[in-house]
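Step one of this worksheet: look at the structure below.
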Amino acid sequence: MSTPFTPAEARRAVDLLASPSLIRLVTEIDDNGAIPPRRLAGTLPDLSTHQLRSASDTARAYGLVRVVPGAGLELTDSGTELADLYDALARWARRHSLPAAVCEFSSRIRHVLGLLTPSLTTALTDRPAPLPDAHPISAEAEADLARVRTLLIQWLAGNLQVARAEPQRAA
């Protein structure tokens, strides 16, 4: 599968998408609708002020959310598609009990993105790559994972602003 971005860009984009606060922001808006003005901290009380600011600034900078007067912070089409991708990643992880039978939604997404990153960057060069030995999974799970990887590649190809993201500073 040929894509218009490099393996380094794909890795940076996956790192950005794996941000726990970005996952929380996107999925919260997807599940419950726009977040009214000045209600971000009350809606996501488990995130620090810095995490909230970073997630909302990042999401706005890459066209995942927008501020709508009177409604607040809502998802763009790209943000809605990302929420759907997050759901697909979490469903795969839940179906295969990874990283554990019981864990947080964002942990599932980050785990699957971690599994996909090495094979994703190799997939960009049209060479299939096996999963690392540290993550043994069944043949059925690997086939399902290939489908999820295709969804990720399609999303990244349609959202080059994320694939071309600059590395983020550590919080």
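Bear in mind these aren't lab numbers, they're just calculated from the coordinates by the rules spelled out. From a predicted model like this one, the values you see are computed outputs, not experimental measurements. Neighbour counts run over all protein chains shown; Cβ positions are idealised from the backbone, glycine included.
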Neighbour-count ranking for Arg11, Arg108, Arg95 (other C-beta within 10 angstrom, fewest to most) reads Arg95, Arg11, Arg108
Val67: net charge of surrounding residues, Cβ under 11 Å, Lys/Arg +1, Asp/Glu -1, itself excluded? +1
Using only the Cα atoms of the stretch 20-76, build the gyration tensor, take square roots of its eigenvalues as a ≥ b ≥ c, and label the shape rounded, prolate or oblate: rounded if a/c is under 1.5, else prolate if a/b is larger than b/c, else oblate. rounded
Fewest-first sequence of Thr117, Thr80 by Cβ atoms within 10 Å of each Cβ: Thr80, Thr117
Once amide H atoms are placed 1.01 Å from N in the peptide plane, what residues at a sequence separation of 5 or more from Val65, or on another chain, have their amide H within under 5 Å of its amide H? Arg60, Thr76
